[in-house]
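Participant: Mind looking over this structure? Questions follow.
Please treat every number below as a calculation from the coordinates, not as lab data. Worth saying up front: this structure is predicted, and the values here are computed from it rather than measured. Note that each Cβ is placed from the backbone with ideal geometry, even for glycine, and that neighbours are counted across all protein chains shown.
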Amino acid sequence: MAMLLVGVALAPLGCTRRPPPVQTGNADEDSCTDLLDSAMPLLEPGTLGVSADTGRAVQLLSQWISNDDCDFQDAVEPLDEEDSELLERLFTKEDAATVAQLQFGEEDVIHVRDRILDRRMAEGLTKNLDSDRERIAHLFDSVVQNIALIPPGGTEIPLSTFNITLIGRGTAADRAWVFVELLRQLQLDSVIIRPQLVDGDAADGDRLFVGVTTLDGILLFDPAAGIPVPSADQVAPADRSAAELAVTASIRPATLKEVVADPTLLTAYDSASEPIAAEQLMPPRVSVIATTSHARGAVDVLEQSLAGEYTVRLYDPLHNSSAGPGLIDRISRFGEGIFTADDVTLWDYPQRRMKEARRLSESDQSRLRLRLIGFDAPVEINRETQSETRTGRQREARLEMLSGRPVQAIKEFQLIRIDERFGNQTNVRPDIRTMYRQATDDAFYWTALCQFERGGANFPTSAATAARYVENGSGWVAEAQRLQATALAASGEFEKALEVVDRCRADGIDTTRLNVLAERWRTKQDADTAEDSAVDESSE
């Protein structure tokens, strides 16, 4: 079985070319700015594809980039022969030819929308954290909590990272892709490292490991299991708080160097996985993560023209420029003798999925519309005209949640759940009833998740909400059971948490993540019991 590792390297700031931003001051420049100001609101995560057409956004950006008043023709550094050869080696020849063009396509406006959400998520979820290690660990845990794995045999719909994250379901590769893009907004470089294929392996394995390159080495994470790959050297659970032990940030990740020396670290925590031989990792298959939008000159110009709330990392060239090394050369600096720049290729998953997402079959389009309908809730009715307005507050609440604002999200989710009675009225159309049924079920589970994200005194509340969902919910029962166990553990209720883990196993729910955490909870519980006994004996 082929396996996949994703590595992420800390990138120095300012390594991409920085053409001057658009300035105002005369009529021509004001006209240029007005065009961009008209386009950007259409690219908002809650707007593009909802109330704003992607074609209109492409049209406005194309007018802006080609406007003589803007004078961007000299803002893009031309590709030399070596750059062109590199791009043709990594992308298809057709895709590579579009990189140097000073124009926008539908894939680019989707890219901008998705990266705006990534930026808000990365900043919102890590704003109170001090170190890169803390930020990386918390982002990984947030991705795992917010994107449930599609169950075996489930049908996938190709989606961009925005819809993957909004809906909250995806594959292990989807989790890896979202994680990598979030890290990119924190100026972190990404790379895919896959063991060499052996006879009988399929080209795409079903196991993925995500790594983060730091000064301590490439730290490995498993998005399928939802945990960092545990190193052999761990901090004793007795020295951790209950809240720390409830999340995977308490697990010290193994490094790539460690697993090359001892490949059993990759599979020791998952009895269902097949072993990896050391020679499969020396050298591994190495692939950078990028689409043509990351490398396109027009996207570079757009990034440098944005400021304020739209400050976002859009451009991440693969090739070197006068401003510094490109992604491939930056990545190769972190090879640690395991891989070099000559080993680097392109992971085609994001580019392929973006293309597939724009060419959905009619049946997939219908399924996607049905899955997204809940985000239009609630509906407001004009009593005089009986006209309907789909407010989209469920979508707004989910975006607040993803951006690290759980308090605001909970308020909206509660209002939507209260409004469920309208959706249950007998005279309501079937599509509206479906909308409310889906919205209230999602809001129920996501409320429990938001309560957990708030932490502290909210852990018991989260556990109770998750338990009620297990009894009364429908779409997220397995996820709610796992959340219940995690929230109980965070509250210090280790015995109850372990009972829920046992119920998960009995119900056939995947507990790979919980198994690793539960072992640490049990150790902490035993240590606390021993400490209490020692105190009792000394007081007698």
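Participant: Quickly rank 490-498, 440-448 as a protection proxy: mean count of other C-beta atoms within 10 Å, highest first.
Facilitator: 440-448, 490-498
Participant: What is the sum of charges around Ile410, taking Lys and Arg as +1, Asp and Glu as -1, for the other residues whose C-beta is under 11 Å from the C-beta of Ile410?
Facilitator: Working: positive: Arg405, Lys411, Arg417, Arg454; negative: Glu400, Glu412, Glu453.
Within the 11 Å Cβ shell, the charges total +1.
Participant: Need the C-alpha centroid separation for the range 161-200 versus the range 73-117, integer Å.
Facilitator: Measuring centre to centre over Cα atoms gives 21 Å.
Participant: Could you order peptides 398-405, 271-278 by the average number of other Cβ atoms within 10 Å of their residues, highest first?
Facilitator: Taking the mean over residues of other Cβ atoms within 10 Å, the ranking is 398-405, 271-278.
Participant: Bin width 10 Å, alpha-carbon pairs only: give the P(r) of the range 373-538 as whole percents, running from 0 to the bin holding the largest distance.
Facilitator: Over the range 373-538, the share of Cα pairs per 10 Å bin runs 10, 31, 27, 18, 8, 4, 1, 0 percent.
Participant: Continuing with the same structure: Using each residue's phi in the range 321-336, evaluate 6.51 cos²θ - 1.76 cosθ + 1.60 at θ = phi - 60° and report the 3J(HN,Hα) Karplus result to the nearest Hz, with x for Gly and Pro.
Facilitator: 3J(HN,Hα) across the range 321-336, in whole Hz: 9, 5, 7, x, x, x, 4, 5, 5, 5, 4, 5, 5, 9, x, 6.
Participant: Determine the principal axes of the Cα atoms in the range 29-358, then give the extent along each, sorted from largest to smallest and rounded to whole angstroms.
Facilitator: Here the Cα extents, ordered largest to smallest, are 63, 44, 40 Å.
Participant: Next question. For Ile192, list long-range residues whose amide hydrogen, built 1.01 Å from N in the peptide plane, is under 5 Å from its own amide hydrogen.
Facilitator: Gly7, Ser287, Val288, Ile289
Participant: Turning to a different aspect of this structure: Amide H neighbours of Leu208 under 5 Å, at least 5 residues apart or on other chains, H built in the peptide plane: list them.
Facilitator: Residues meeting the amide H criterion: Leu4, Ala224.
Participant: For the ranges 106-116, 343-353, 226-236, what's the packing order if you count other beta-carbon atoms within 10 Å of each residue, average per peptide, and put the highest first?
Facilitator: 106-116, 343-353, 226-236
Participant: Give the distance, in whole Å, between the Cα centre of the range 344-358 and the Cα centre of the range 294-322.
Facilitator: The range 344-358 and the range 294-322 have Cα centres separated by 19 Å.
Participant: In the chain, if the dipole is taken from +1 on Lys/Arg beta carbons and -1 on Asp/Glu beta carbons about the Cα centre, which of Ala57, Gln481, Leu215 is farthest to the positive end?
Facilitator: Highest projection toward the positive end goes to Gln481.
Participant: Under 27 Å Cα-Cα from Lys524, which lysines qualify once same-chain neighbours fewer than 8 residues away are excluded?
Facilitator: List returned: Lys496.
Participant: At what distance in angstrom do the alpha carbon centres of the range 361-375 and the range 496-525 lie from each other?
Facilitator: Comparing the Cα centres of the range 361-375 and the range 496-525, I get a distance of 35 Å.
Participant: Under the definition of Cα pairs under 8 Å and six or more residues apart, what whole-number percent is the relative contact order of the chain?
Facilitator: Computed value for the chain: 17 percent relative contact order.
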